[in-house]
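Heads up, the thing below is written out as structure tokens.
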């Protein structure tokens, strides 16, 4: 049985591995014990993963938003909030207005080995649960299984229409290979339209999904955002958003349109 033990100095936010490629899975380690955190970071880095580390719930949520890791290793006993609260907020994210991906695989690491504790973790959305102390070989196998099930989020999650490419995990948009700068709501609107390109979305549906409005009223919020999106996406003469008269909007593929 391996007990976490430190090797070297404390790690900063990211621990790159020599020879690491852009395809290396990113693992966020949230652990307040320095020895355990160092042990995990050292071994995961040696296994070829890109590792992000933090020791509190606040930083965990920040890194989940900013870095979109492929896997979350989460300790339950954090100093500022329970790890279950981090998990609850991750699973509650809509993936549209929030940068957190609610489908991020999460493996809980904890000294709480009781059945009730395990059930509570799974009820909050954990994908796996490992009690301390643990054998690193078992942790490695569980991580591999979770990553295989999740697949490559960086490639599978991308949406393409003509020369337009949307990466929901990175909150980025490329048009003819060049980045397009969008506001948070512009990106959220484009992602919703692109998720179901054959669907015509009514303005009421878009207001509820993107802005959280319960009633439409007399607002022209959707029209103004669509206008700005058309302008930003139409610099090369492409037309990506179509107005279906009397109904709403849909995304077009310029190649097939």
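The values are calculated or read from the model by the stated rules, or taken from the named source; none is laboratory data. Here the structure is a predicted model, which is why all the values come from computation and not from measurement. Positions of Cβ are generated from backbone atoms using ideal geometry, with glycine treated the same way; all protein chains shown enter the neighbour counts.
What are the pairs, 6+ residues apart or on separate chains, where a residue within region 113-137 that is at positive phi has its Cβ under 8 Å from a residue that is modelled with pLDDT of 90 or more?
125/87; 125/88; 125/90; 125/106
Residue by residue through region 227-251, note down the ones that are at pLDDT below 85 and either crowded, with 17+ Cβ neighbours inside 10 Å or within 29 Å of the chain's Cα centre (by Cα) (or both).
238
Quick one: residue 155 ticks every box in (1) modelled with pLDDT of 80 or more; (2) closer than 30 Å to residue 212 by Cα; (3) not in a loop (DSSP other than H, G, I, E, B) bar one, so which box is it?
Only one criterion in (1) modelled with pLDDT of 80 or more; (2) closer than 30 Å to residue 212 by Cα; (3) not in a loop (DSSP other than H, G, I, E, B) is unmet by residue 155, namely (1).
Report yes if residue 32 is surrounded by fewer than 24 Cβ atoms within 10 Å (Cβ to Cβ), assigned to a loop (DSSP other than H, G, I, E, B) and either without any contact (Cβ under 8 Å) to a residue 60 or more places away in the chain or in the same structural domain as residue 110 (by TED's automatic domain parsing) (or both), otherwise no.
Numbers: surrounded by fewer than 24 Cβ atoms within 10 Å (Cβ to Cβ): yes; assigned to a loop (DSSP other than H, G, I, E, B): yes; either without any contact (Cβ under 8 Å) to a residue 60 or more places away in the chain or in the same structural domain as residue 110 (by TED's automatic domain parsing) (or both): yes.
Judged against the criteria, residue 32 is a match.
When you scan region 99-116, how many residues do you find that are touching a strand residue (DSSP E or B) at 6+ places or on another chain (Cβ under 7 Å) and buried (at least 16 other Cβ atoms within 10 Å of the Cβ)?
Within region 99-116, residues that are touching a strand residue (DSSP E or B) at 6+ places or on another chain (Cβ under 7 Å) and buried (at least 16 other Cβ atoms within 10 Å of the Cβ) number 7.
Among the residues that make up region 62-72, is at least one of them outside any helix (DSSP H, G or I), within 20 Å of residue 143 (Cβ to Cβ) and over 10 Å from the mean Cα position of the chain (by Cα)?
Yes, there is a match, as at least one residue in region 62-72 is outside any helix (DSSP H, G or I), within 20 Å of residue 143 (Cβ to Cβ) and over 10 Å from the mean Cα position of the chain (by Cα).
Yes or no: region 193-208 includes at least one residue that is over 30 Å from residue 70 (Cα atoms) and in a strand (DSSP E or B).
yes
Kindly indicate whether any position in region 91-98 is touching a helix residue (DSSP H, G or I) at 6+ places or on another chain (Cβ under 7 Å), in contact (Cβ under 8 Å) with a residue 24 or more places away in the chain and either assigned to a helix (DSSP H, G or I) or buried (at least 23 other Cβ atoms within 10 Å of the Cβ) (or both).
No, region 91-98 contains no residue that is touching a helix residue (DSSP H, G or I) at 6+ places or on another chain (Cβ under 7 Å), in contact (Cβ under 8 Å) with a residue 24 or more places away in the chain and either assigned to a helix (DSSP H, G or I) or buried (at least 23 other Cβ atoms within 10 Å of the Cβ) (or both).
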